[in-house]
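> Questions regarding the structure given below will be posed in turn.
The values are calculated or read from the model by the stated rules, or taken from the named source; none is laboratory data. Quick caveat, the model's predicted, so the values are computed rather than measured. Methodologically, a virtual Cβ is constructed for each residue, glycine included, from the backbone with ideal geometry; neighbour enumeration extends over all protein chains shown. Only protein heavy atoms, including side chains, enter the accessible area calculation; ligands, DNA and RNA are left aside. Shrake-Rupley method; radii C 1.70, N 1.55, O 1.52, S 1.80 Å.
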Amino acid sequence: MAGGGTLGGGGKAKRGKHSKRKKKKRVGFVLDMTPLVDITFLLLTFFMFTTTMMQPQVMEMKLPPELYEETQVDASKLFTLLLRGDGELFWYKGKMELKQEPLNAPVKVSLDTNLRKLAEEENLQPKVRNQLITVLRIEDDAQFDKVVGILDYLNQAEIKISEVILSEKNADGTAKFPKRDRRFTIAPLEEDEKEYLRSQK
Amino acid sequence: MPKVKKKRMSFVIDMTPLVDITFLLLTFLMFTAQFKSESESAQTFTIERPGAAADTTKLPDKDLAVIKIAIAKENKLDTSYYFTIANSKDKDAILSKLPDVDPERFKAGIIKCDRDSILLSNFVRATLSVNPKTRFAIEADKSVRFKLAFDAMNILRKNKALTFNFVTEKKKNN
């Protein structure tokens, strides 16, 4: 059984049949490990089946205090994302003016490839640096999964954005922005936006 | 002939390395194992968490209240809110603040609020008054409609719990 090996020894290792037989006699101590191994395996399998390796992680959300508070904001500082119920994402800058100007109409954006880059670009526009307000408007029956996906991409973009903004210096060498001021809110879609999104394919 | 027999009998496997590795794995799994809490085992629904990029932030063990939104098994509809609190000593204090609630429902540590946002709001308020350090988390299933999560967020917002968490899972395909 296990635990054997050569306990006695010293001197040259002998070879041949003759020496083998002699060794055997010396190693009289053998521990039967079979029950130990049995129990250990039993426990091992138990723990292996009961543990969950996938620990839930968390995503932090910070919301502005009032949802329906009317605050006067400069429309040029708005970066709005619209999520339609079927998971299609649109975005536009500033104020949406569907009737007069088709320029500011929402544009479709692919969630997986472009959103992170888009958020980085828009947040680092020189005019609105550290002032841009990201508004996420979501239709009621959008899936929660998609929303978390969008938040995830925005969080990923945030890494680069805050790095660039905090590294910016004034002419005299002081930091231009003492801290990254992230402005973000979630709101439901408004009627005209809903109508517009429905008309888009 | 007798020589051949002897050789067969001396067949020995050295189990030492096997035992070493097994014990190593065993101790590892024993120390990392986390057992289901009371409220988790009373939970009659499963929540498939949405995926997000890897993050080291983990859900805290104490001072935590989770609002769960699940898909019901029978009709595949998102029906109700569930409310759980991690600190067991807070539970009684919260219940004493809410005399209308049947304490039996809360015994197991999980309470079904149906679609009753007023009840949920009462719970959130009571939780915050009992333990202001409580952090809130929203754990919703992947395919839950956002409306429900948004309503829960608004309840938290009205109760001045402006920082809270979404419970996610590490994305698998990344």
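> Does region A:127-144 hold any residues that are more than 19 Å from A:E195 (Cβ to Cβ) and either basic (K, R) or modelled with pLDDT under 75 (or both), and which are they?
A:K127, A:V128, A:R129
> Looking at the structure I just gave you, is A:L89 at pLDDT 75 or above, within 18 Å of A:E195 (Cα to Cα) and within 11 Å of another protein chain (Cβ to nearest Cβ)? Walk me through how you get there before you give the answer.
Working: at pLDDT 75 or above: yes; within 18 Å of A:E195 (Cα to Cα): yes; within 11 Å of another protein chain (Cβ to nearest Cβ): no.
Taking the combined requirement at face value, the residue does not satisfy it.
> In the list B:A152, B:A137, B:A161, B:A126, which residue meets the criterion of being of a type in the set (A, V, I, L, M, F, W, C), touching a residue at least 24 places away in the same chain (Cβ under 8 Å) and farther than 20 Å from B:K112 by Cα?
Values: B:A152 fails: farther than 20 Å from B:K112 by Cα; B:A137 fails: farther than 20 Å from B:K112 by Cα; B:A126 fails: farther than 20 Å from B:K112 by Cα.
Checking each option against the conditions leaves just B:A161.
> For region B:49-165, please list each of the strands (runs of 3 or more DSSP E) lying entirely inside it that holds at least 1 residues being at pLDDT below 80, among the polar types (S, T, N, Q) and out of contact with any helix residue (DSSP H, G or I) (no Cβ under 7 Å at 6 or more places or on another chain).
Details: elements: B:64-71, B:78-85, B:110-114, B:135-140.
Answer list for region B:49-165: B:78-85.
> Residues of region A:149-201 being open to solvent by less than 80 Å² (accessible area, probe 1.4 Å) and either assigned to a strand (DSSP E or B) or among the basic types (K, R) (or both), which ones?
Listed by number, the residues that qualify are A:A175, A:R180, A:F184, A:T185, A:I186, A:A187, A:P188, A:K194.
> Looking at (1) facing chain A (nearest Cβ under 8 Å); (2) in contact with a strand residue (DSSP E or B) (Cβ under 6 Å, 6 or more places away or on another chain); (3) farther than 18 Å from B:S117 by Cα; (4) crowded, with 16+ Cβ neighbours inside 10 Å, which is the only condition B:K142 fails?
(2)
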